[in-house]
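Below: the structure, in structure tokens.
The values are calculated or read from the model by the stated rules, or taken from the named source; none is laboratory data. Being a predicted model, the structure only gives us computed values, none of them experimental. Note that we place each Cβ from the backbone using ideal geometry, even for glycine, and neighbour counts take in every protein chain shown.
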Amino acid sequence: MRNLAVAGTGYVGLSTGTCFADMGNNVTCIDISEEKIAMLQRGEAPIYEPGLNEMIVRNMKAGRLHFTTNYDEALQDAEFVFICVGTPSGVDGEADLQYVRMAAESVAHAMTHSVIVINKSTVPVGTGDWVADIVRRSQPEPIDFAVVSCPEFTREGSALHDFMNPDRVVIGSRSAEAAEKVAQLHLPLRTRIIMTDLRTAEMIKYASNAFLATKISFINEIAVICEKLGADVEEVAEGMGFDRRIGAHFLSAGLGYGGSCFPKDVKALEHMALVHGSHPALLRAVIDINRDMRRWAVYNLREMVGGKLDGKKIGLMGLAFKPNTDDIREAPALEIAHMLRNEGALVSGYDPVAMRNVSRSDPYLRLAEDAYDLADGADALLVCTEWNEFKQLDLPRLHSIMRQPIVVDGRNIYELERMRALGFAYRAVGRSHSDSEGNGV
Ligand code: UDX
């Protein structure tokens, strides 16, 4: 059993802290938000992540998981301190490091003995050295410490499974001894551990996310070409995916990537490249194509309702950036809602879990009670998130209550033939439109 402190109780911090507690360690999670910590102390997770709440309660009961706003308390016996705070996009797409700085300063002030500071937040290459500088400068008296980069690769919605079953753990540090200790901490995960230097570890995280985003934009570009040429992108992706050099994952065409990682990490990598004088043409294209997919949805809706969206009732099915999460950061649905309203459409939305977050961030979006309420009297529906419950809807009922039976499927969840047989005017991403030649992108 080791003593760990985890700064930041967002998706990364909470899943990291809770999983390490579940592995038998004694973990104290810290957050500056009193409200979040009060919730967690009551055993309530402030975010929706399948299985997380149960795991928090189980480990709190076992006395291995604690929550506080006080760094002194958290660091009292800690051997390791994880920094898992947010790094949102700044004005030019650069990562905003103010929370990392605050966490590093707080760690420095609270340190009473030697600790290993582990960066899990996605930070620009070079931040590990910067954090070391901040800690050194902020310490009231010099105490030995080491900085290690150990980037997070878990996905929201399956964070606990991903944490416990990683494809690899990446550890970067200037101190071989500290790196070795962090590697020991991860041994129960029985996975490949890659030991490297600080900057390389930081770059592995960006390169991994940028590559996955590239796969998504690549298949979306192919999808748009498929529509023009009468091919089916779903089958194209399947046919490509059997080639082991390509792989079947991350080839689902749709409205593009969103969430807290891909959009900001691709922009941050582009920004790093630019400020160092290189020309990140591929990253730019990835970002542009992703934006175009939002336009694809608006174009198709406009065309299918007869050329003008003004006064048309449009229902957005799914508001979270992907299924199994309540996270709406950079969710295509919210951006599309804005674009549709700009053209005078009357936009409603429904999501199984994200509506509480949406009501706070977009008060103009009318929220429906369920998918049928959303469809009632609608001129068109747009599938924005591939929630399972949408796959099992009573489609004839949906058809009967819509004003016009138009469905634009931004996540390819329905079968083309079936939708058409049911009498829907139906379009999906990258699957040929028998009713139209163009797609607008
Ligand atoms: C991602 C990375 O997968 C993870 O390793 C990293 O630590 C954080 O960022 P996450 O943002 O939770 O995780 O979601 P993920 O499941 O990877 O999906 C990202 C986005 O890509 C979603 O908006 C999803 O809808 C989209 N996507 C994914 C596609 O459009 N097509 C695909 O084939 C796969």
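Tabulated data for the structure shown
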read-out	value
Residue within the range 348-355 that is more than 19 Å from the chain's Cα centre (by Cα), at pLDDT 95 or above and more than 19 Å from Arg403 (Cα to Cα) present	no
Qualifying residues in the range 242-268 (those that are more than 10 Å from the ligand (Cβ to nearest atom) and of a type in the set (Lys, Arg)) - the one nearest to the chain's Cα centre (by Cα)	Lys267
Test for Glu369: is it within 16 Å of the ligand (Cβ to nearest atom), charged (D, E, K, R) and modelled with pLDDT of 95 or more	no
Helices (runs of 4 or more DSSP H) wholly inside the range 18-95 that include at least 2 residues being free of Cβ contacts under 8 Å to residues at least 60 places away in the same chain and of a type in the set (Asp, Glu)	34-41, 71-75
Among (1) outside any helix (DSSP H, G or I); (2) modelled with pLDDT under 95; (3) crowded, with 23+ Cβ neighbours inside 10 Å; (4) not polar (S, T, N, Q) - the single one Asp326 does not satisfy	(3)
Scan of the range 304-334 for residues that are charged (D, E, K, R) and more than 17 Å from Asn412 (Cα to Cα), ordered by number	Lys308, Asp310, Lys312, Lys313, Asp326, Asp327, Arg329, Glu330
Some residue of the range 295-311 being surrounded by fewer than 20 Cβ atoms within 10 Å (Cβ to Cβ), within 16 Å of the ligand (Cβ to nearest atom) and not assigned by TED's automatic domain parsing to the domain that holds Ser89	yes
Flag if Asn209 is touching a residue at least 60 places away in the same chain (Cβ under 8 Å), within 13 Å of the ligand (Cβ to nearest atom) and of a type outside the set (D, E, K, R)	yes
Only listed residue being touching a residue at least 12 places away in the same chain (Cβ under 8 Å), in a loop (DSSP other than H, G, I, E, B), away from the ligand (no atom under 11 Å from the Cβ) and not basic (Lys, Arg), chosen from Leu334, Leu340, Leu319	Leu319
Hey, Val358 of a type outside the set (D, E, K, R), more than 15 Å from the ligand (Cβ to nearest atom) and touching a strand residue (DSSP E or B) at 6+ places or on another chain (Cβ under 6 Å) or not	no
Check on Asp379, over 20 Å from the mean Cα position of the chain (by Cα), loosely packed, with under 14 Cβ neighbours inside 10 Å and modelled with pLDDT of 95 or more	no
Search result, residues across the range 391-403 that are of a type outside the set (A, V, I, L, M), part of a helix (DSSP H, G or I) and away from the ligand (no atom under 16 Å from the Cβ)	Pro396, Arg397, His399, Ser400
Single residue of Thr112, Thr69 found to be in the same structural domain as Ile171 (by TED's automatic domain parsing) and surrounded by 14 or more Cβ atoms within 10 Å (Cβ to Cβ)	Thr69
Selection within the range 226-258 - touching a residue at least 12 places away in the same chain (Cβ under 8 Å), outside any loop (DSSP other than H, G, I, E, B) and in contact with a Gly (Cβ under 8 Å, 6 or more places away or on another chain)	Cys226, Glu227, Lys228, Asp232, Val233, Glu234, Val236
Hey, Ile118 within 16 Å of the ligand (Cβ to nearest atom) and either more than 20 Å from the chain's Cα centre (by Cα) or free of Cβ contacts under 8 Å to residues at least 24 places away in the same chain (or both) or not	yes
Qualifying residues in the range 372-390 (those that are in a loop (DSSP other than H, G, I, E, B) and under 14 Å from Phe424 (Cβ atoms)) - the one nearest to the ligand (Cβ to nearest atom)	Ala378
Residue check, Glu234 at pLDDT 95 or above and buried (at least 16 other Cβ atoms within 10 Å of the Cβ)	yes
Qualifying residue in the range 96-112 (condition: among the aromatic types (Phe, Trp, Tyr) and either in contact with a Pro (Cβ under 9 Å, 6 or more places away or on another chain) or part of a loop (DSSP other than H, G, I, E, B) (or both))	yes
